Amino acid sequence: MNTRPHRWNVVVMIAVAFVLCNMDKVNMSVAVIPMAAELGWSATERGLVSSSFFWGYSATQLPAGYISTKIGGAKVLAAGVALWSFGTLIAPPAAQTSLLALCATRVLVGLGEGFAPSAATAVLAKLVPSTERSRAVAAVWGGLDVGSAVGLLLCGPLIRMFGWPSVFYLFAVLGLVWVAAWPLVQPDKMDPDMIAENKKKEQERATRLALAQANEVAASALESVDETPVSATYAKLEKSLPPDGKVPWGEFFRSPPVWAVTVAHFCFNWGYYTLLAWLPSYFELALGLNVERSSFLTLIPYIAMTAMMPLVGPVADGWVKNGVPLTRVRKICQGIAFVGPAVCMIACAILTPAAAATAKAATTGVSAAGPVLTAVLVGLMSVAFALGAWSRAGLYCNHQDLSPKYASALLGITNTAGAIPGVLGVTMAGYLLDTTASWANALFIPTAICQLFGAAVYTWLASSERQSWS
């Protein structure tokens, strides 16, 4: 007999959507190599194609949060998957038409994928209790890492056997199948225990409001019996609460915990997106590896991150159940996700010049140290990615802690900041590489600086207390 709560069926389906999300993101990073050769693209044109996704992705973050709050995350998620799958489906004919047409399809993919985080957050905040939230968020956002790994693993063989258009057609069809299956899991259906928990919270909120009203009336009576009418007191109390259906944007931007999550999201994604874009080139250009080995080695850190996922959620939820304050749990998890990878990035910056030199010597038979240092560097990157998985129980849960009601809107804000490194970080890495000819200065040191800055801000300002405007 299956006793698993219904909400976990929904969580699994959202996780699958997130797998498809990153499969459709990384397919271009592999397919761009044969596409550029066939269509005669320059390096600048390759960069334009890669960055066009993030223009669409960043444009939908705030609208996604608002729309998910207004009409529900389940509908928005289905629309997002449908849109990015359509953009993926039409990419091959668009590429044959013009570079601009292909960029437009990647903007569509970015637009669709931009809806996914806020929509998923809205669904999870509605269906999943706080005691299970770390596991649910880790499972769903872990789908992104699984998608990166699966996409990198499948693209090479598919392109070799069926040509580069196959990675777009196959991944698009999988997305459209998901859209058809999504309503079958009843994503808006709540489990009885969650319904009871929500009723209890509403009763507690009503009690607190009644007590506040009584205290306000009593205080007014002590000051002057005739000075403040009761109706004015009630009007004052009502104004202090956001009206139903309206998102308190001003309160968000005056909230230090919201700024903590926003900064953390930007800093975490700086490392994630720049490494995602540049690792294959780093392995090929800095360490002298061929394209096939570069793609394989790029996969290893994502496998390490995926392997860490099953541990993160249960450990974090276990700390909460054992009485560790929720804010402390979030700070510990996000601290692991920042400080550990920063140390690894600094080590990579130190080792890369020696690895590049010995790798070059190894190809001529002068030295055998190149492969050893390459293995060390891959190991350091794998540790960095694995420790980064702890963010799934850190910043990615924090929106729902601060306000289940406005969690999707909050994620829209922070994900907008988190999308900026997709354009700025990737472009800046290329510019720094051209101007300094140093992978340490272009890739590893900026990433480490961002991670340490994010750790400091999050440790200082973060909180998991329900906010007064929630």
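The values are calculated or read from the model by the stated rules, or taken from the named source; none is laboratory data. Everything numeric in this text was worked out from a predicted model, so none of it was measured. For neighbour counting, all protein chains shown are included, and Cβ atoms are generated from backbone atoms with ideal geometry for every residue, glycine included. Quick note on the areas: whole protein, heavy atoms, side chains included, nothing else; ligands and nucleic acids left out. Shrake-Rupley method; radii C 1.70, N 1.55, O 1.52, S 1.80 Å.
Per residue, how large is the accessible surface of region 379-470? Use a 1.4 angstrom probe and give square angstrom. If you can, show how the numbers build up before the last one.
Values: 2980 Å² over 92 residues.
Per residue, region 379-470 has 32 Å² of solvent-accessible surface.
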message = Pairs of alpha-carbon atoms within less than 8 angstrom and 6+ residues apart define the contacts here; what relative contact order does region 254-469 have, in percent?
response = 41 percent
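Could you sort the peptides 321-328, 304-311, 395-402 by per-residue average Cβ neighbour count (10 Å cutoff), highest mean leading? Please report the intermediate quantities before stating the final value.
Working: 321-328: 11.9, 304-311: 19.0, 395-402: 28.1.
Per-residue Cβ counts within 10 Å, averaged per peptide and sorted highest first, yield 395-402, 304-311, 321-328.
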key: Contour excess over end-to-end distance, with Cα ends at Arg328 and Phe253 and 0.36 nm allotted per residue   = 24.7 nm
task = Rounded to whole Hz and in sequence order, give me ³J(HN,Hα) for region 444-450 from the Karplus expression 6.51 cos²θ - 1.76 cosθ + 1.60, θ = phi - 60°, writing x for Gly and Pro.
result = 7, 5, x, 5, 4, 4, 4
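Given a Förster distance of 35 angstrom, what is the FRET efficiency for Ala307 paired with Arg46, based on the Cβ-Cβ distance and rounded to 0.05? Don't jump to the answer; show the numbers that get you there.
Values: r = 31 Å, r/R0 = 0.89.
Using R0 = 35 Å, I get an efficiency of 0.65.
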message = How far apart, in nanometres, would the label points at Tyr431 and Asp188 be if each is projected 7 angstrom from Cα along the Cα-to-Cβ direction?
response = 4.7 nm
ask   = So what's region 1-188 giving for Cα Rg divided by 2.2 N^0.38 Å, two decimals?
value = 1.05
key: Pair Ala59, Asn9: separation of 7 Å Cα→Cβ label points (nm)   = 3.7 nm
task = Go through Trp84, Trp141, Phe171 and say which Cα lies farthest out towards the positive end of the charge dipole of region 1-188; charges sit on Cβ, +1 for Lys and Arg, -1 for Asp and Glu.
result = Trp141
task = With a cut-off of 18 Å, note down the residues of region 406-443 whose backbone N falls inside the zone around a label point 7 Å from the Cα of Lys70 toward its beta carbon.
result = 406-413
task = Please report how far the C-alpha centroid of region 41-92 lies from that of region 279-357, rounded to the nearest whole angstrom.
result = 26 Å
Unit Cα scatterers, Debye sum, region 254-469: log10 I(q)/I(0) for q = 0.10, 0.18 Å⁻¹ = -0.47, -1.22
message = Can you find, among Leu299, Phe283, Leu326, the residue sitting farthest towards the positive end of the charge dipole of region 244-337, where Lys and Arg contribute +1 and Asp and Glu -1 at Cβ?
response = Leu326
remark   = Once phi for every residue in region 381-391 is put through the Karplus expression 6.51 cos²θ - 1.76 cosθ + 1.60 (θ = phi - 60°), the whole-Hz ³J(HN,Hα) values, with Gly and Pro written as x, are 5, 5, 4, 4, 5, 4, 5, x, 4, 5, 5
ask   = Can you give the charge dipole size of region 254-469 about its Cα centre, rounded to the nearest 20 debye, using +1 on the beta carbon of Lys and Arg and -1 on the beta carbon of Asp and Glu?
value = 520 debye
key: Per-residue ³J(HN,Hα) for region 20-34, Karplus 6.51 cos²θ - 1.76 cosθ + 1.60, θ = phi - 60°, Hz, x for Gly and Pro   = 5, 4, 7, 4, 6, 8, 7, 4, 5, 5, 8, 5, 4, 5, x
task = With a point put 7 Å past each Cα toward its Cβ, work out how far Ala101 is from Glu38 in nm, to one decimal.
result = 1.4 nm
